[in-house]
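Asker: Below you will find the structure I want to go over with you.
Readers should treat all values here as calculations from the given coordinates under stated rules, not as data from a laboratory. Everything numeric here is computed off the predicted structure, so don't read it as measured data. Cβ coordinates were reconstructed from backbone atoms using ideal geometry, including for glycine residues, and neighbour counts include every protein chain displayed.
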There are 2 protein chains.
Amino acid sequence: MKLLEDRIRRDGKVAPGNVLRVDSFINHQMDILFMEKLAEEIRRRFTDKPVDKILTIEASGIAIATLVAQKFGVPLVSAKKSKSSNLPDNIYTCSVKSYTHGNVNSVLVTQDYLKAGENVLIIDDFLAHGEALKGLINLVEQAGGTVVGAGIVVEKAYQRGADALRASGLQVESLARVASMDAETGTVEFIPDGT
Amino acid sequence: MKLLEDRIRRDGKVAPGNVLRVDSFINHQMDILFMEKLAEEIRRRFTDKPVDKILTIEASGIAIATLVAQKFGVPLVSAKKSKSSNLPDNIYTCSVKSYTHGNVNSVLVTQDYLKAGENVLIIDDFLAHGEALKGLINLVEQAGGTVVGAGIVVEKAYQRGADALRASGLQVESLARVASMDAETGTVEFIPDGT
């Protein structure tokens, strides 16, 4: 999506250690009117899919997921992260490794909020190694629901987190797919997608 | 706000230890179209105030704050929580005690995203002892900005967290003000506000 690629080139920051900061407009300070356009584009890419519910994971996915849920007119469920191993028993849970923070979180959703037969669209702000996305898919499967796809704002495509999921037939739509970054020059190259 | 009080009476759950759960429609599963009506009401109550920016705190305040920012057409800043004492130096930070989780978090905003002279409206899903709200006010004051008010979804008014702030002249608008709760009978009484 050219609109997003241009904004990343203008306001994104490439930091050492393969970090792309978009925290001036996506995930610390949020340009909500700009993000509304991203949400509309995600809605457009899943027009032909049945969507009963949006699923995201706290915290930085919640804003874009709220706007996508609004466009679809469906509820949003935000999976919680917990470091505790002492969890209640009425939940679906799995472990998700964070490469960014170098730790493992339990990710959980109360069983009342994911149901068998539901068509779930997963939304997140970032996709890198794909650990969070795989964890959320696991939770929907535990509940007996169907993941109809995943909508992502920024995919670090060179980390290949979505390759196996796409190969298995899942529709993963990323509005900007980073092919490479260079912290020294601050440049970001994208895989063109024609939108 | 009668719409919200009715929904809390229908779908809220009173749990032992003064806990009011609204996680079926506000902060785990989120009824986004319903929350849009809450955001419109918060917008209405601050019609006469200048608002340059919305400030909230992760994670459960982000969805309602996103919708309020959309109504005002302004950016949203979400303060981050950190347990680390090893924080970068380009931030505004303060300590916030959580009565719910029994711990103390550092709450922080990167200095680029709160500026001198800005008019900031603070949004959160819950207000109980008021610790989070006081922390966010502190961050805006560190930056040299002005807090024009606070919009809250549910205030546990009997815990009196907003009393001193209102007495000091701050406009704190809570869409439902809980006067008392009873975990045995599951009843919730509200302070009527005529909307």
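Asker: Which percentage, to the nearest 5, of the DSSP beta bridges contained in the protein assembly as shown is antiparallel?
Answerer: Around 50 percent of the beta bridges assigned by DSSP in the protein assembly as shown are antiparallel ones.
Asker: If we count every other residue with Cβ under 10 angstrom of B:K80's Cβ, Lys/Arg +1 and Asp/Glu -1, where does the sum land?
Answerer: Charge balance near B:K80 sits at -1.
Asker: In whole Å, what are the Cα extents of the range B:1-55 along the three principal axes, biggest one first?
Answerer: 40, 21, 18
Asker: Also: How tilted is helix B:62-72 with respect to the longest principal axis of chain B? Cα atoms for both, answer in degrees (0 to 90, nearest 10).
Answerer: In chain B, helix B:62-72 runs at an angle near 70 degrees to the longest axis.
Asker: Taking +1 at the Cβ of each Lys and Arg and -1 at the Cβ of each Asp and Glu, which of A:I191, A:Y92, A:F25 sits farthest along the dipole of the protein assembly as shown towards its positive end, judged by Cα position relative to the Cα centre?
Answerer: Value: A:Y92.
Asker: Just want the answer: with Cβ charges of +1 for Lys and Arg and -1 for Asp and Glu, which residue in B:G61, B:L108, A:V147 is farthest toward the dipole's positive end in the protein assembly as shown?
Answerer: B:L108
Asker: Continuing with this model, one more query. Can you work out the Karplus-derived ³J(HN,Hα) for every residue in the range A:181-189? Use 6.51 cos²θ - 1.76 cosθ + 1.60 with θ = phi - 60°, whole Hz, and x for glycine or proline.
Answerer: Karplus values, whole Hz, x for Gly and Pro: 9, 9, 5, 5, 8, x, 8, 10, 10.
Asker: Taking Cα atoms, how many degrees apart are the long axis of helix A:2-11 and the longest axis of chain A, rounded to 10 and kept between 0 and 90?
Answerer: Tilt of helix A:2-11: around 70 degrees.
Asker: The range B:58-124: which trypsin sites (Lys or Arg not before Pro) are DSSP loop and have at most 11 other beta-carbon atoms within 10 angstrom?
Answerer: Listed in order of number, the matching sites are B:K83.
Asker: Can you give the average number of partner chain beta-carbon atoms within 10 Å of each beta-carbon in peptide A:50-62, as a whole number?
Answerer: Mean number of neighbouring Cβ atoms from other chains: 3.
Asker: Step through the table entries A:K37/A:K81; B:K13/B:K156; B:K134/B:K156, compare each Cα-Cα distance with 18 Å, and write down the pairs that go over it.
Answerer: As for pairs spanning more than 18 Å Cα to Cα, those are A:K37/A:K81.
Asker: What is the ratio of the Cα radius of gyration of chain B to 2.2 N^0.38 Å, where N is its residue count, to two decimals?
Answerer: 0.99
Asker: What whole number of Å gives the distance from the Cα centroid of the range B:113-155 to the Cα centroid of the range A:18-83?
Answerer: Cα centroid of the range A:18-83 versus Cα centroid of the range B:113-155: 24 Å apart.
Asker: Output the 0 to 90 degree angle, nearest 10, between the alpha-carbon long axis of helix B:32-45 and the longest principal axis computed from the alpha carbons of chain B.
Answerer: 70 degrees
Asker: In what sequence do B:I26, A:I122 fall when counting other Cβ within 10 Å, fewest first?
Answerer: B:I26, A:I122
Asker: For the protein assembly as shown, just the Cα set please: Rg and Dmax, both in angstrom.
Answerer: Cα radius of gyration and Dmax of the protein assembly as shown are 20.5, 64 Å respectively.
Asker: Provide Rg and Dmax in Å for the range A:1-106, with only Cα atoms included in the calculation.
Answerer: According to the Cα coordinates of the range A:1-106, Rg and Dmax are 16.1, 47 Å.
Asker: Over the Cα atoms, compute the radius of gyration (one decimal) and Dmax (the largest Cα-Cα distance, rounded to a whole number) for the range A:83-131, in Å.
Answerer: Cα only, the range A:83-131: 12.9, 35 Å (Rg, Dmax).
Asker: If R0 is 41 Å, what FRET efficiency do you get for B:N18 and A:E189 from their C-beta distance, rounded to 0.05?
Answerer: The calculated FRET efficiency here is 0.15.
Asker: Here's a follow-up. Report the charge-dipole magnitude of chain A in Debye, nearest 20, computed about the Cα centre from +1 at each Lys and Arg Cβ and -1 at each Asp and Glu Cβ.
Answerer: 80 debye
Asker: Let me ask something else. Report, for the range A:54-134, the % of DSSP beta bridges that are antiparallel, rounded to 5.
Answerer: So the antiparallel bridges in the range A:54-134 amount to around 65 percent.
Asker: Over the residues of the range B:53-123, compute the C-alpha Rg and express it relative to 2.2 N^0.38 Å.
Answerer: 1.16
Asker: So, with +1 on the Cβ of K and R and -1 on the Cβ of D and E, and no other charges, what is the size of the charge dipole of the range B:18-110 about its Cα centre, to the nearest 20 debye?
Answerer: Using Cβ point charges on Lys, Arg, Asp and Glu, the range B:18-110 gives about 160 debye.
Asker: Charges only on Cβ, +1 for Lys and Arg, -1 for Asp and Glu: so what's the dipole of the range B:126-173 about the Cα centre, in debye to the nearest 20?
Answerer: Taking the Cα centre of the range B:126-173 as origin, the dipole is about 80 debye.
Asker: Next up: Divide, for the range A:101-183, the radius of gyration over alpha carbons by 2.2 N^0.38 Å, where N is the residue count.
Answerer: Against the compact-globule rule of thumb, the ratio is 1.15.
Asker: Shielding of A:76-87 by partners, i.e. mean partner chain Cβ atoms within 10 Å per residue?
Answerer: Mean shielding by partner chains, rounded to a whole number: 2.
Asker: On alpha carbon coordinates alone, what is the Rg over Rh value for the range A:24-83, Rh being the Kirkwood radius?
Answerer: Value, to two decimals: 0.99.
Asker: Net charge near A:N119, counting Lys/Arg +1 and Asp/Glu -1 over other residues with Cβ under 14 Å of its Cβ?
Answerer: Residues close to A:N119 contribute a combined charge of -1.
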